[in-house]
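The structure under discussion appears below in the form of structure tokens.
The values are calculated or read from the model by the stated rules, or taken from the named source; none is laboratory data. Quick caveat, the model's predicted, so the values are computed rather than measured. FYI the Cβ positions are ideal-geometry reconstructions off the backbone, even for glycines, and counts take in every protein chain you see.
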Amino acid sequence: MNDWHEAEQHVERAHEHYEAGRWDDAAAELRRALSLNPFQPEWHFNLGLTLEAAGRYSDAARALGQAFDLSPEDGRIAMMTGANLLRADQVEQSLAWFDRAASLDPSDPAPFVHRIEAFARLARFDQAELMYFMGQQIAPDCADLYAAMAESLMDQALYERAVWCLREAARLEPEMPRIEARLAEAYAATGRHERARQLYLRELRRDPGDIETLLDLGSLLVEMNRRQDAGEKFRRVLEIQPDHAEAHFRLGDLAEMSGSATDAYVHFDIVMRLDPGFSGVRRRLSSLLLERAEGDDAQVARRLMSEEFASLRGGDGEDVSTGLGREDDASLEGLGDLLLDAGLPLLAIRVFRAWTARKPTTARAWHMLGVANMEAEDLDEGMEHARKAVRLDPALVAPMHNLAMAHLQLGNFRRARYWVRQALRVEPDDSALRRLGLRLRLHSIGEAMVGVWRVAVRRRPAWGAD
């Protein structure tokens with residue numbers, strides 16, 4: 001058997017595997033064929049399609065790029081290469097491929113559609129809008145252009161304009177996948193919840209098993225305070241796909257809202273088993289464990305939070321600080337609080353340092369950094385951060401209270417009394433401060449009594465004196 005015939009057999013077997021949904025086997029057969037004859041662009045193209053179906057978008061783009069090298073006039077391959085790079089979050093690289101596709105087929109609006117998405121992902125919204133208008137010059141009735149522009153507008157919170165674009169897309173292509181759901185999302189963002197609910201239901205009448213729409217509708221119903229209806233939608237997702245991690249997470253969220261910590265724990269635990277990297281699940285589980293505080297709950301929470309902190313490190317040697325940089329202020333504070341509750345103050349210090357680096361004039365960030373230092377038994381550093389918090393916000397009582405406690409621990413009662421007085425001027429009815437003030441006053445009285453006794457002893461006449 002010659003190499004050509006053997007390669008053809010590998011390609012035939014690859015096609016059989018592909019039809020059966022066995023992507024890895026299909027890719028392996030195509031690679032064997034290409035090892036025998038690497039100059040067949042259609043085999044590279046088929047390998048790209050197979051890897052795309054398997055969700056391996058970077059590898060798919062590489063295979064499609066090799067197909068394009070062998071067929072440099074095929075604009076379709078260039079566009080598909082760019083689309084896979086976009087899915088792989090290699091946005092800058094995708095733009096060059098969309099430019100190639102547009103130059104090879106100037107009448108095709110698809111490269112403009114993809115460039116709108118790419119520029120929006122890069123927050124280069126002016127260029128995204130330029131692509132929209134350029135695409136309209138080629139194909140004024142292209143529904144995909146309107147839909148892509150709507151997504152860019154949604155990213156900019158320009159919801160009314162997004163609604164208009166989506167309505168145009170629906171008018172031009174009523175059967176566009178999930179067009180009603182996307183319009184519902186835009187209406188929900190403008191506060192028109194009932195209209196959004198009706199649109200989600202219309203989408204589900206068209207496709208009752210659409211998991212994404214069921215999840216979106218469930219989230220809307222939570223926002224409308226219709227928790228029972230929301231739970232039905234999430235459970236419907238699990239009827240269709242029992243191992244759907246997000247549906248379990250949403251049900252856990254609902255259970256926690258309803259005060260059922262046990263049910264919430266069960267759902268979050270299932271999410272951990274299905275997808276340990278699911279966003280936020282370690283934090284939610286740790287919070288529940290620390291509140292329950294039974295048996296080895298604290299130890300498990302500490303392990304989970306250590307893993308959560310470690311997960312902030314990305315690939316390619318990325319530092320944890322980069323992961324912290326992706327957290328917003330509320331998430332940073334919540335993460336730091338949980339690390340403190342789990343008994344991991346050294347990790348909490350790193351979190352709060354990232355917050356102060358980002359927001360150096362935010363008093364609460366310095367206060368929390370001070371708290372973490374004090375819990376790590378670094379009183380000097382903690383007191384310095386607490387004083388900075390007070391300088392930034394003289395009405396912030398918590399760091400004053402911590403300064404008083406730190407001075408009390410150091411035996412500096414006069415400074416402790418000073419900070420209690422400062423705090424009571426701001427919050428005269430704070431019971432914790434009043435108790436601390438009473439404790440310090442009793443200490444002062446005790447000191448005074450000891451002083452009087454010492455003076456009396458020094459002045460007492462000697463026994464038996466004449």
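Residue under question is Ser286, and the condition is that it be assigned to a helix (DSSP H, G or I), closer than 26 Å to Asp328 by Cβ and polar (S, T, N, Q); does it hold? Yes; evaluated as a whole, the condition is true for this residue. The residue that is farthest from Leu183 (Cα to Cα), counting only those in the range 213-264 that are touching a residue at least 24 places away in the same chain (Cβ under 8 Å) and among the β-branched types (Val, Ile, Thr), is Ile240.
Criterion first (surrounded by fewer than 18 Cβ atoms within 10 Å (Cβ to Cβ), at pLDDT below 95 and either within 29 Å of Ala147 (Cβ to Cβ) or in contact with a strand residue (DSSP E or B) (Cβ under 8 Å, 6 or more places away or on another chain) (or both)) does Arg13 satisfy it? Against the criterion (surrounded by fewer than 18 Cβ atoms within 10 Å (Cβ to Cβ), at pLDDT below 95 and either within 29 Å of Ala147 (Cβ to Cβ) or in contact with a strand residue (DSSP E or B) (Cβ under 8 Å, 6 or more places away or on another chain) (or both)), Arg13 does not qualify. Scanning the range 402-420 for residues being in a helix (DSSP H, G or I), over 16 Å from Ala386 (Cβ atoms) and not hydrophobic (A, V, I, L, M, F, W, C) gives a total of 2. Residue count for the range 123-145, restricted to those that are in contact with a Phe, Trp or Tyr (Cβ under 6 Å, 6 or more places away or on another chain) and not in a helix (DSSP H, G or I): 0. Each residue in the range 31-59 was checked for being touching a Phe, Trp or Tyr at 6+ places or on another chain (Cβ under 6 Å) and surrounded by 20 or more Cβ atoms within 10 Å (Cβ to Cβ), and 3 of them qualify. Taking into account only those residues within the range 207-225 that are surrounded by fewer than 16 Cβ atoms within 10 Å (Cβ to Cβ) and over 22 Å from the mean Cα position of the chain (by Cα), which is nearest to Ala157 (Cα to Cα)? Among residues in the range 207-225 that are surrounded by fewer than 16 Cβ atoms within 10 Å (Cβ to Cβ) and over 22 Å from the mean Cα position of the chain (by Cα), the one nearest to Ala157 (Cα to Cα) is Met224. Filtering the range 294-314 to residues that are out of contact with any helix residue (DSSP H, G or I) (no Cβ under 7 Å at 6 or more places or on another chain) and under 16 Å from Val266 (Cα atoms) leaves only Glu294. Where helices (runs of 4 or more DSSP H) fall entirely within the range 326-401, those with at least 3 residues that are out of contact with any helix residue (DSSP H, G or I) (no Cβ under 7 Å at 6 or more places or on another chain) are at 329-341, 345-358, 379-392. From the list Ala184, Ala148, the one residue that fits, being more than 23 Å from Leu122 (Cα to Cα), touching a Phe, Trp or Tyr at 6+ places or on another chain (Cβ under 9 Å) and either β-branched (Val, Ile, Thr) or buried (at least 23 other Cβ atoms within 10 Å of the Cβ) (or both), is Ala184. On inspection, Ala120 qualifies as in a helix (DSSP H, G or I), out of contact with any Gly (no Cβ under 8 Å at 6 or more places or on another chain) and either surrounded by fewer than 16 Cβ atoms within 10 Å (Cβ to Cβ) or not charged (D, E, K, R) (or both). The residues of the range 255-269 that are closer than 19 Å to Leu221 by Cα and buried (at least 20 other Cβ atoms within 10 Å of the Cβ), listed by number, are Ala255, Ala264.
As a summary of the residue check, Phe112 satisfies the conditions (1) part of a loop (DSSP other than H, G, I, E, B); (2) closer than 30 Å to Asn46 by Cα except for the one numbered (1). If you go through the range 281-299 and keep only what is in contact (Cβ under 8 Å) with a residue 12 or more places away in the chain and among the aliphatic types (A, V, I, L, M), you end up with Val281, Leu285, Leu288, Leu289, Leu290, Ala298.
Can we say Gly317 is assigned to a helix (DSSP H, G or I) and at pLDDT below 90? Here the answer is no, as Gly317 does not meet what is asked. Report yes if some residue within the range 229-245 is in a helix (DSSP H, G or I), in contact with a Gly (Cβ under 7 Å, 6 or more places away or on another chain), modelled with pLDDT of 95 or more and over 24 Å from Ala186 (Cα atoms); otherwise report no. Yes, some residue in the range 229-245 is in a helix (DSSP H, G or I), in contact with a Gly (Cβ under 7 Å, 6 or more places away or on another chain), modelled with pLDDT of 95 or more and over 24 Å from Ala186 (Cα atoms).
Of all residues in the range 375-397, those that are within 29 Å of the chain's Cα centre (by Cα) and within 20 Å of Ala416 (Cα to Cα) total 3. Which of (1) part of a helix (DSSP H, G or I); (2) under 20 Å from Asp89 (Cα atoms); (3) not hydroxyl-bearing (Ser, Thr, Tyr) is the odd one out, the single condition Glu16 does not satisfy? Failed condition: (2). Got a sec? Which of Ala162, Ala118, Ala123 is within 20 Å of Trp97 (Cβ to Cβ) and either out of contact with any Cys (no Cβ under 8 Å at 6 or more places or on another chain) or of a type in the set (Lys, Arg) (or both)? Exactly one of Ala162, Ala118, Ala123 is within 20 Å of Trp97 (Cβ to Cβ) and either out of contact with any Cys (no Cβ under 8 Å at 6 or more places or on another chain) or of a type in the set (Lys, Arg) (or both), namely Ala118. In the range 264-277, the condition of being touching a Phe, Trp or Tyr at 6+ places or on another chain (Cβ under 6 Å) and either in a helix (DSSP H, G or I) or at positive phi (or both) is met by at least one residue.
Among all positions in the range 79-97, there is no residue which is among the aliphatic types (A, V, I, L, M), assigned to a helix (DSSP H, G or I) and more than 31 Å from the chain's Cα centre (by Cα).
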